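Colleague: I'd like to ask you about the structure that follows.
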Amino acid sequence: MIVCDVGPRDGLQNEERVIEPAARAELCDRLAAAGLKRIEAASFVNPKLVPQMAGAEEVISALHRRPGTSYAGLVLNEMGYERAISAGVDEVHYAFAATDEFGRRNQNATTEEGLQTAVALVQRARSDRVPITVTISVAFGCPFEGPVPPARVLNLVEQLMAVPPDEICLADTIGVGVPSQVKVLVRGARDLGATVGAHFHNTRNTGYANAVAALDQGVVSLDASVGGSGGCPFAPKATGNIATEDLVYLLRGMGVDTGIDLDALIECSHWLGKQLGKELPSMVSRAGDFPAAG
């Protein structure tokens with residue numbers, strides 16, 4: 001199971017305190033040293049709209065890259081893709097919204113426009129020989145349009161599979177999903193031939209149950225944010241992702257090998273809390289580790 005830490009991007013993009021590129025690169029270095037094999041290191045978006053993500057190129061250039069670790073960049077359009085490729089990311093993460101209103105507010109694009117960009121970027125990534133994940137955001141519910149029918153999401157997956165990305169990530173951007181929804185969407189996407197990942201927020205305390213449900217249905221990766229920080233600037237009352245250390249503790253207890261050093265991850269979480277000047281939501285970082293049974 002691949003755990004992708006999105007802390008340097010999703011974890012910081014909604015914080016009041018802006019963390020400078022050098023410190024964001026150090027966060028990536030600390031995560032890699034703890035054993036993370038995939039890190040969403042930067043977001044190549046308009047810094048005027050998301051000032052916390054300014055200096056994405058500086059973050060990538062300041063990394064002390066570890067062999068075996070893939071450093072990804074999030075993009076929302078073709079300009080972001082070009083920036084990410086020029087900066088030297090190992091993989092591209094492109095996201096578009098399952099609802100028109102969220103798409104307009106988040107990236108000034110309807111769902112159909114976002115889908116068209118996805119297909120174009122997958123084709124470009126194939127030509128550039130760069131792995132690409134396409135994330136369908138607000139796949140479980142939208143703050144503006146309400147519940148999102150599973151058929152709508154699976155229709156998007158089916159269209160994406162005409163030019164298949166390396167992975168399709170189903171994102172509960174505002175943390176409204178429950179395990180029964182997760183099972184329907186993950187199973188449905190896999191039945192369409194997709195390699196599926198999942199991205200959960202813990203806004204309503206269902207994120208970890210959703211992660212287990214996704215694992216049971218065969219996802220290959222789970223996103224999480226060190227310390228449980230994060231949220232979307234364009235989603236009202238957004239709260240953080242599931243915490244990487246809490247997820248790793250859960251997976252380890254279930255016998256799932258992630259290759260991640262939990263003690264080092266907890267130290268990384270404490271370090272990030274100091275950078276942000278607050279205690280982060282993660283429970284394992286507060287309570288500490290406990291030996292796995294048997």
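The values are calculated or read from the model by the stated rules, or taken from the named source; none is laboratory data. Not measured: the values here are computed from a predicted model. Because the Cβ atoms are built from the backbone with ideal geometry, glycine has one as well, and the counts that use them run over all protein chains shown. When the accessible area is computed, the model is the full protein with side chains, heavy atoms only, and any ligands, DNA or RNA have been set aside. Shrake-Rupley method; radii C 1.70, N 1.55, O 1.52, S 1.80 Å.
Colleague: Residue check: is Ala171 closer than 17 Å to Val119 by Cβ and open to solvent by less than 10 Å² (accessible area, probe 1.4 Å)?
Modeller: no
Colleague: Kindly indicate which of Gly177, Gly146, Gly227 is surrounded by fewer than 17 Cβ atoms within 10 Å (Cβ to Cβ) and over 20 Å from Gln116 (Cβ atoms).
Modeller: One residue alone meets the criteria, Gly146.
Colleague: Might you let me know whether the range 98-105 holds any residue that is in contact (Cβ under 8 Å) with a residue 60 or more places away in the chain and farther than 27 Å from Gly253 by Cβ?
Modeller: yes
Colleague: I've got another one for you. Please find, among Ala109, Ala87, Ala42, Ala54, the residue that is over 20 Å from Thr133 (Cα atoms) and free of Cβ contacts under 8 Å to residues at least 60 places away in the same chain.
Modeller: Only one candidate passes the filter, namely Ala54.
Colleague: Further question on the same structure: Does the range 246-256 contain at least one residue that is within 23 Å of Ala42 (Cβ to Cβ) and among the hydrophobic types (A, V, I, L, M, F, W, C)?
Modeller: yes
Colleague: Just one of Leu121, Leu154 is assigned to a helix (DSSP H, G or I), open to solvent by less than 10 Å² (accessible area, probe 1.4 Å) and at negative phi; which is it?
Modeller: Step by step, each of Leu121, Leu154 is checked, and only Leu121 is assigned to a helix (DSSP H, G or I), open to solvent by less than 10 Å² (accessible area, probe 1.4 Å) and at negative phi.
Colleague: Further question: Taking the range 55-73, which residues are touching an Asp or Glu at 6+ places or on another chain (Cβ under 6 Å) and in a strand (DSSP E or B)?
Modeller: Across the range 55-73, the qualifying residues are Ser70, Tyr71, Ala72.
Colleague: Next question, about the same structure. Taking Gly193 as meeting all but one of (1) on the phi > 0 side of the Ramachandran plot; (2) outside any loop (DSSP other than H, G, I, E, B), write down the number of the exception.
Modeller: With (1) on the phi > 0 side of the Ramachandran plot; (2) outside any loop (DSSP other than H, G, I, E, B) applied to Gly193, the lone miss is (2).
Colleague: For the range 1-43: of the residues being open to solvent by 10 Å² or more (accessible area, probe 1.4 Å) and among the hydrophobic types (A, V, I, L, M, F, W, C), which is nearest to Thr244 (Cα to Cα)?
Modeller: Ile2
Colleague: Return the residue satisfying two criteria in turn: it lies in the range 246-263 and is of a type in the set (A, V, I, L, M) and open to solvent by 30 Å² or more (accessible area, probe 1.4 Å), and of such residues it is nearest to Thr206 (Cα to Cα). Walk me through how you get there before you give the answer.
Modeller: Taking the range 246-263 and keeping what is of a type in the set (A, V, I, L, M), we get 247-248, 250-251, 254, 256, 260, 262.
Pick out the ones that are also open to solvent by 30 Å² or more (accessible area, probe 1.4 Å) and you get 250, 254, 256.
Working: Leu250: 14, Met254: 18, Val256: 20 Å.
Among those that are of a type in the set (A, V, I, L, M) and open to solvent by 30 Å² or more (accessible area, probe 1.4 Å), it is Leu250.
Colleague: Here's something else I'd like to know. Would you please name the residue that is modelled with the highest pLDDT, looking only at residues in the range 232-245 that are surrounded by fewer than 23 Cβ atoms within 10 Å (Cβ to Cβ) and under 15 Å from the mean Cα position of the chain (by Cα)?
Modeller: Across the range 232-245, the extreme among qualifying residues is Thr239.
Colleague: Let me ask something additional. Do you know which residues across the range 1-18 are under 28 Å from Leu170 (Cβ atoms) and either touching a Lys or Arg at 6+ places or on another chain (Cβ under 8 Å) or among the aliphatic types (A, V, I, L, M) (or both)?
Modeller: Result: Met1, Ile2, Val3, Cys4, Asp5, Val6, Pro8, Leu12.
Colleague: What are the residues in the range 162-190 that are part of a helix (DSSP H, G or I), over 20 Å from Ala224 (Cβ atoms) and either touching a helix residue (DSSP H, G or I) at 6+ places or on another chain (Cβ under 9 Å) or in contact (Cβ under 8 Å) with a residue 60 or more places away in the chain (or both), if any?
Modeller: Selection gives Ser180, Val184, Gly188.
Colleague: Is it the case, given these coordinates, that Arg38 is touching a helix residue (DSSP H, G or I) at 6+ places or on another chain (Cβ under 6 Å) and of a type outside the set (A, V, I, L, M, F, W, C)? Lay out the reasoning, then the answer.
Modeller: On the way: touching a helix residue (DSSP H, G or I) at 6+ places or on another chain (Cβ under 6 Å): no; of a type outside the set (A, V, I, L, M, F, W, C): yes.
Here the answer is no, as Arg38 does not meet what is asked.
Colleague: Please specify each residue of the range 96-117 satisfying the condition of being outside any helix (DSSP H, G or I) and either of a type in the set (Val, Ile, Thr) or surrounded by fewer than 23 Cβ atoms within 10 Å (Cβ to Cβ) (or both).
Modeller: Correct list: Thr99, Asn108, Ala109, Thr110.
Colleague: May I pose another question? Go through the range 5-27 and give me each residue that's in a loop (DSSP other than H, G, I, E, B) and closer than 12 Å to Ala41 by Cα.
Modeller: First pass over the range 5-27, keeping only residues in a loop (DSSP other than H, G, I, E, B): 6, 12-20.
Result: Val6, Leu12, Gln13.
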